[in-house]
Amino acid sequence: ELLEPHRYSYNLPCALCGKRQEVQIPGPELFAYRQGKPIQRAMPSLTEEQREMLLSGTCDKCWDEIFGEEYED
């Protein structure tokens, strides 16, 4: 039986509006990121919005207000 990996929980405020967002990261994904793997590859279980919140501290609503909804990587 496979055990569910430990998850690390972060309750992050948006740097612009202050709205808080909880992001849960499986332990192996956090480890891969801290070992230098790009966040998109290290944390595939997270949404783009969750990864952006971790990287820049910006929620998706504020990101859209700054860059527009059509902005993509």
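Please determine whether any residue of the stretch 55-65 is closer than 22 Å to HIS6 by Cα, in contact with a helix residue (DSSP H, G or I) (Cβ under 7 Å, 6 or more places away or on another chain) and in a helix (DSSP H, G or I). If you could, list the steps in order and put the result at the bottom.
Keep residues of the stretch 55-65 that are closer than 22 Å to HIS6 by Cα, which gives 55.
So of that shortlist, the ones also in contact with a helix residue (DSSP H, G or I) (Cβ under 7 Å, 6 or more places away or on another chain) come out as 55.
Those left that are additionally in a helix (DSSP H, G or I): 55.
So far as the stretch 55-65 goes, yes, one or more of its residues are closer than 22 Å to HIS6 by Cα, in contact with a helix residue (DSSP H, G or I) (Cβ under 7 Å, 6 or more places away or on another chain) and in a helix (DSSP H, G or I).
Listed residues ARG41, ARG51; which is part of a helix (DSSP H, G or I), surrounded by fewer than 16 Cβ atoms within 10 Å (Cβ to Cβ) and among the basic types (Lys, Arg)? Spell out how you get there, then give the answer.
Details: ARG51 fails: surrounded by fewer than 16 Cβ atoms within 10 Å (Cβ to Cβ).
So the residue among ARG41, ARG51 that is part of a helix (DSSP H, G or I), surrounded by fewer than 16 Cβ atoms within 10 Å (Cβ to Cβ) and among the basic types (Lys, Arg) is ARG41.
Just checking, does the stretch 57-66 include any residue being of a type in the set (Ser, Thr, Tyr), open to solvent by 60 Å² or more (accessible area, probe 1.4 Å) and under 14 Å from the mean Cα position of the chain (by Cα)?
So the first thing to find is which residues in the stretch 57-66 are of a type in the set (Ser, Thr, Tyr), and the list is 58.
The next check asks that each one be open to solvent by 60 Å² or more (accessible area, probe 1.4 Å); those that pass are none.
Looking for residues that are of a type in the set (Ser, Thr, Tyr), open to solvent by 60 Å² or more (accessible area, probe 1.4 Å) and under 14 Å from the mean Cα position of the chain (by Cα), one finds none in the stretch 57-66, hence no.
Only residues that are closer than 17 Å to LEU46 by Cα, open to solvent by 80 Å² or more (accessible area, probe 1.4 Å) and either within 12 Å of the chain's Cα centre (by Cα) or among the hydrophobic types (A, V, I, L, M, F, W, C) (or both): list them for the stretch 9-20, please.
Passing the criteria: only ASN11.
The values are calculated or read from the model by the stated rules, or taken from the named source; none is laboratory data. Because the structure is a prediction, the values reported are computed rather than measured. Glycine also receives a Cβ, built like all others from the backbone with ideal geometry; neighbour counts cover every protein chain displayed. Each accessible area value is taken on the protein alone, full model and side chains, heavy atoms only, with ligands, DNA and RNA left out. Shrake-Rupley method; radii C 1.70, N 1.55, O 1.52, S 1.80 Å.
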